[in-house]
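Some notes on the structure that comes next.
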Amino acid sequence: MVDFLGTLTESSLGQVNGLTVTLTLTVLLVSMAIWSVSRPSRFPPGPRGLPIVGSIYDMTDSPEVVFGKWAKKYGDIFGLKIGQRWMVVLNRKDLIKEAIIKKGAEFAGRPDFYSAELFTDGFKDIIFSTYSDTWKLHRKLGHTALRHFATGKPLQKLVSSVYPKVEKELAENDGKPIDPRLLLTLIMYNVLSQMCFGKSYALHDPNVKEWMQLNDEANTKFGFGLAADFFSWAKYVPSSGPRMIKDITAKMQKFIKSELTQHRQKTYDPDNISDFYSMLLKAQEDAKREGEDVEKLTDDHILQTLMDIFFAGTQTTVDTLYWAFALMSENPGIQKKVQAEIDSVVGRDRVPTIEDRGTLPYTEATLYEVMRYSTIGPIAMPHSTMCDTKICDYIIPKGAAVVFNLHSMHFDPQEWDDPDSFKPEHFLDEADTVRQHPPSFMPFGAGRRSCLGEAVAKADLFLIFSWFLQNYIFSKVPAKESESLINLIPKTVVGRLLTPYEIVISERRK
């Protein structure tokens with residue numbers, strides 16, 4: 001009897017212990033699920049999302065489309081959670097400018113995305129690194145270099161040096177269908193390589209073509225990031241994502257490192273600083289000689305800064321011009337009006353120069369409208385808060401990711417007449433003067449994290465676009481006139497980027 005009771009007691013205790021463990025685990029899981037969707041105090045309203053994963057499965061379309069729908073439901077400021085990361089989305093000009101300009105220091109950080117950490121060797125670049133003394137130093141150096149080597153006559157010389165190569169290429173393809181993306185990439189790669197290393201390339205250099213392919217691959221595969229960007233534990237799970245980013249990064253760095261090695265060994269002259277890399281090397285040498293902290297100017301930091309110039313400078317300018325060529329072929333009336341203005345002011349016997357800006361209002365307005373209408377970066381590079389801060393009486397905690405929906409500014413019907421139409425008149429006032437800074441236009445960002453190369457990009461775009469329109473006509477491929485090029489925006493990449501297309505670029509006869 002005692003043995004039976006003892007066995008019964010042990011069995012009962014085992015059942016009780018098993019039930020306790022099950023109940024404890026259940027309570028923990030339920031608590032974690034509730035905690036994962038519990039919003040911080042006075043956090044902006046927004047989609048509730050699912051436990052643990054948040055609103056990741058609600059992103060069923062391009063971010064600007066989804067955010068536009070949520071803005072109509074929750075307001076111009078709303079908050080959500082993606083995995084473990086709280087995020088705030090700001091829409092339309094008033095809220096975006098309040099954060100970027102009025103409270104710039106509070107919103108100057110960058111989220112510590114794992115994909116960006118891999119891509120930048122531990123945040124040693126300008127674009128992805130957070131707001132710090134090292135970041136300020138490299139941004140200052142970059143700004144100084146661009147001012148010295150890529151403005152005014154130096155920039156004019158860099159861009160003009162590529163024109164003969166382009167003329168030869170287009171003469172061989174006159175009247176034939178051509179995808180202009182490679183041509184545009186070759187132009188910008190030459191401009192940037194001369195600015196950074198004092199080196200020019202043949203238009204069909206195989207290294208340049210591979211760089212373009214790597215740029216496209218990086219944008220396609222790296223654009224949406226990794227699971228570890230939103231779930232910290234995911235970085236410890238073996239997967240193809242991190243390997244893919246490391247592989248692309250290594251290939252892209254190979255190009256730059258090759259140039260750095262040759263330049264440092266063969267052409268660097270500290271008494272003759274004629275390019276960006278020489279300037280960075282000189283700054284590094286001066287810091288060492290003066291006994292300053294060189295941890296901010298390591299070879300890795302220099303490499304990453306140059307990578308930023310190449311990656312961002314090539315990609316954004318090429319994508320904008322790619323849109324411009326498509327839009328000119330889609331709008332022959334606008335194209336003719338631009339050409340008539342250039343013919344009247346510049347003529348056909350000299351190339352357009354930097355000094356022509358301000359005398360070609362319709363041409364400039366057309367370029368600005370290309371930037372607005374294309375909005376190749378509809379969602380600005382995410383920021384993060386450096387401290388607890390407030391917007392519209394909502395509290396945004398320190399470290400929260402903050403996203404600016406620039407598409408909501410550029411297509412706001414309260415700010416633009418017929419925003420869905422391509423109209424250069426959007427950037428002309430009643431006196432036909434260019435509106436360079438409409439209040440709801442921000443293609444290069446603003447404030448502390450504004451695009452470092454904004455002035456250079458605008459000048460590049462003006463010089464290249466006006467030269468092409470002065471000398472060439474863009475038209476659709478015969479038998480494909482009814483097909484719309486500007487609707488070719490895939491959802492497999494981040495940004496409003498066009499899929500490959502072909503047009504005819506014909507020489508304008510004098």
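The values are calculated or read from the model by the stated rules, or taken from the named source; none is laboratory data. Quantities reported herein were computed from a predicted structural model and do not represent experimental measurements. Heads up, the Cβs are rebuilt from the backbone with ideal geometry, glycines too, and the neighbour counts pull from every protein chain shown. In case anyone asks, the SASA skips ligands and DNA or RNA and just uses the protein heavy atoms, side chains included. Shrake-Rupley method; radii C 1.70, N 1.55, O 1.52, S 1.80 Å.
Residues checked against (1) over 18 Å from residue 251 (Cα atoms); (2) under 18 Å from the mean Cα position of the chain (by Cα); (3) touching a residue at least 24 places away in the same chain (Cβ under 8 Å); (4) open to solvent by less than 30 Å² (accessible area, probe 1.4 Å):
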{"position": "177", "(1), (2), (3), (4)": "yes, no, yes, no"}
{"position": "183", "(1), (2), (3), (4)": "yes, no, no, yes"}
{"position": "194", "(1), (2), (3), (4)": "yes, no, yes, no"}
{"position": "200", "(1), (2), (3), (4)": "yes, no, yes, no"}
{"position": "205", "(1), (2), (3), (4)": "no, no, no, no"}
{"position": "209", "(1), (2), (3), (4)": "no, no, yes, no"}
{"position": "214", "(1), (2), (3), (4)": "no, yes, yes, yes"}
{"position": "219", "(1), (2), (3), (4)": "no, yes, yes, no"}
{"position": "229", "(1), (2), (3), (4)": "yes, yes, yes, yes"}
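Residues in segment 233-254 that are out of contact with any helix residue (DSSP H, G or I) (no Cβ under 8 Å at 6 or more places or on another chain) and not in a loop (DSSP other than H, G, I, E, B) were compared, and the one that is nearest to residue 87 (Cα to Cα) is 233. Cβ-Cβ distances below 9 Å connect the following pairs, each with a first residue in segment 363-392 that is free of Cβ contacts under 8 Å to residues at least 24 places away in the same chain, a second residue that is open to solvent by less than 10 Å² (accessible area, probe 1.4 Å), and a separation of six or more residues or different chains: 388/396; 390/396.
Is it true that residue 310 is within 27 Å of residue 121 (Cα to Cα) and open to solvent by less than 20 Å² (accessible area, probe 1.4 Å)?
yes
Applying the criterion of at least 2 residues that are aromatic (Phe, Trp, Tyr), on the phi < 0 side of the Ramachandran plot and open to solvent by 20 Å² or more (accessible area, probe 1.4 Å) to the strands (runs of 3 or more DSSP E) found wholly in segment 363-480 leaves an empty list. For segment 144-160, the criterion of being at pLDDT 90 or above, of a type outside the set (Asp, Glu), part of a loop (DSSP other than H, G, I, E, B) and within 29 Å of residue 217 (Cα to Cα) is met by no residue.
Within segment 248-296, being touching a His at 6+ places or on another chain (Cβ under 9 Å) and open to solvent by 10 Å² or more (accessible area, probe 1.4 Å) holds for 273, 279, 295, 296. Within segment 265-284, the only residue that satisfies the criterion of being more than 16 Å from residue 154 (Cα to Cα) and of a type in the set (Val, Ile, Thr) is 267. Residues of segment 334-354 that are in contact with a helix residue (DSSP H, G or I) (Cβ under 9 Å, 6 or more places away or on another chain), over 29 Å from residue 101 (Cβ atoms) and either assigned to a loop (DSSP other than H, G, I, E, B) or open to solvent by 30 Å² or more (accessible area, probe 1.4 Å) (or both): 337, 340, 341, 343, 345, 346, 347, 348, 351, 352, 353.
For segment 339-358, the candidate set comprises residues that are without any contact (Cβ under 8 Å) to a residue 60 or more places away in the chain and over 33 Å from the mean Cα position of the chain (by Cα); within that set, the residue that is nearest to residue 155 (Cα to Cα) is 350. Scanning segment 389-435 for residues that are among the β-branched types (Val, Ile, Thr) and under 24 Å from residue 357 (Cβ atoms) yields 433, 434. Considering (1) out of contact with any helix residue (DSSP H, G or I) (no Cβ under 9 Å at 6 or more places or on another chain); (2) closer than 18 Å to residue 146 by Cα; (3) at pLDDT 90 or above, the lone condition that residue 304 does not fulfil carries the number (1).
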